[in-house]
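S.K.: Structure below; questions to follow.
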Amino acid sequence: MEDRAELFKCLEEKIKNGRATIDRLKLLGKIDGVEKLMRKFQQEIRFLEKVQSTGNVKKEHLQSTNLIHLNAIVARLFRASEPTNVMKPFKYQKSRLEVDIVCNGGASWVKVIARNAKALTLISMGNGEYGQKSVLDQATCFLQCAKSYPHLYRPPDVVFHFAYGIEVPLATHLEGMGVVVEGDRIDCDDKSTSVQEMDDKFSTLIASDPLEEPPDDCKESISSDLETLNTSSLATEINILNLDVSTLLAYVTNMTNGYDHFVYREPLLTQQAEMERKRPVKPILEKLFNSKELIVCQTAYDNFMNIIEVIGGPKESLRAKELLSRVRIVDDLPTGRIMEKLSLGGKIKDRSRLVFASGENMKSITVSANEGFVRAARMQDIECTVFLHEPRSLSEIKEGFATKISSS
């Protein structure tokens, strides 16, 4: 009887908390999908009230309720920066994919996972029920789908939020795929071959996965070992520089032209500004460009101009015009070993492959911030003739929403 009374007490508590959560959601501003989320809560509450009215309460009723997952979504929603959508469906292949929270103004997709950490690891190693998708499978779907819905010309960041934690090996694998992992990291006690099996599974997935990973400008550590990837003889033997889109942006952005003392709404821009204050990019490029012929292939030119026209500020547009007056636009040259031997996928994007191939066919040094491409090419036994620098994004328009900090 005591157990039955305890079950009724827990049931009442869940119903009460569910109603309170609906009241909290009503206080949120206009966010697309919140009403849908509230209807999900109401549906679960009605189910629990029906169980309550029958008097036949079982432990399974409390454990199987979707309120656990819904509450985790709400908790993450109230921590989200600039949420724009909740439970938003996107077309994916012949079905659809639902993103729990779209935030950061559209730049991030958050999937909330409210499952036991050990169970997530076991499923990822193939020990789930037949046809059950692991979080690795889900990550593949999210990353592929995100590429089809770019925000300001780049795929949204894919964030997996683990409400009940995630074991370290699985978290590491997800981050290797390009997923941002949130949640407590739990050490994996299992030192048996099952963890190695998971490593093998992940390696196979990476080898066959056609994903393009997020641009390397997400990574603060990009400057750590650029020298090991750069062409050693670039200063004396080659006089033509092939400028990548990332280099054109880094040269003209306000951030590298005296406007680096801001804290932006976008964490990526704030991070780049911090890097710029420590290691200014423009002087490096100016020194490199001195006495060199500058070329830009047609694809890079078109992409750069498209970005400038859409999100470039007045000063950035003027600098772009001045810079392009100094360069020679050349036809794309989609031939040679880079086009023929480098397989698309991972960090090898079609546009980047074309830019680097054009540079190689012009017997030039490609100047770029795309460390990922160069490293991935090396893994396929292709060494690029390249000069790498840290990435910098356009920032002038973003300054209007940023906080200026002291330059002292």
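S.K.: Can you list the trypsin sites (Lys or Arg not before Pro) in segment 1-32 that are in a DSSP coil and have 14 or fewer other beta carbons within 10 angstrom?
M.R.: Details: sites: Arg4, Lys9, Lys14, Lys16, Arg19, Arg24, Lys26, Lys30; in loops: Lys30.
Hits after loop and neighbour filter: Lys30.
S.K.: Sequence gap at least 6, Cα distance under 8 Å: using those rules, report the relative contact order of segment 243-369 to the nearest whole percent. Please report the intermediate quantities before stating the final value.
M.R.: Numbers: 123 pairs, mean separation 41.5, N = 127.
Relative contact order comes out at 33 percent.
S.K.: So what are the radius of gyration and Dmax for the Cα set of segment 14-114, in Å?
M.R.: 14.9, 47
S.K.: I would also like to ask the following. How large a share of the accessible area of segment 262-408, in percent, is made up of carbon and sulfur atoms when the probe is 1.4 Å and the other protein chains stay in place? Don't jump to the answer; show the numbers that get you there.
M.R.: Working: 3770 of 7150 Å².
Carbon and sulfur: 53 percent of the exposed surface of segment 262-408.
S.K.: Any idea what diffusion coefficient segment 277-338 gets from Stokes-Einstein, in µm²/s, Kirkwood Rh on alpha carbon pairs, 37 °C, 0.692 mPa s? Show your work: numbers first, answer last.
M.R.: Working: Rh = 13.5 Å.
In µm²/s, the coefficient rounds to 243.
S.K.: On average over all directions, what projected area in square nanometres does segment 277-408 have, based on the convex hull of its Cα atoms?
M.R.: Values: hull surface 38.4 nm².
Across all orientations, segment 277-408 yields a mean hull projection of 9.6 nm².
S.K.: Pop out the Kirkwood hydrodynamic radius of segment 326-398 from its pairwise C-alpha distances, inverse of mean 1/r, in Å to one decimal. Working shown, then result.
M.R.: Details: mean 1/r = 0.0767 Å⁻¹.
It works out to 13.0 Å.
S.K.: Rounded to the nearest 10 Å², what accessible area does Ser395 have for a 1.4 Å probe in the complete protein model?
M.R.: So the heavy atoms of Ser395 present about 0 Å² to solvent.
The values are calculated or read from the model by the stated rules, or taken from the named source; none is laboratory data. Note that the structure is predicted; figures quoted are calculated from it, not measured. As a convention, Cβ positions derive from the backbone with ideal geometry for all residues, glycine included, and neighbour counts pool all protein chains shown. Areas reflect the complete protein model, heavy atoms only, side chains present, ligands, DNA and RNA absent. Shrake-Rupley method; radii C 1.70, N 1.55, O 1.52, S 1.80 Å.
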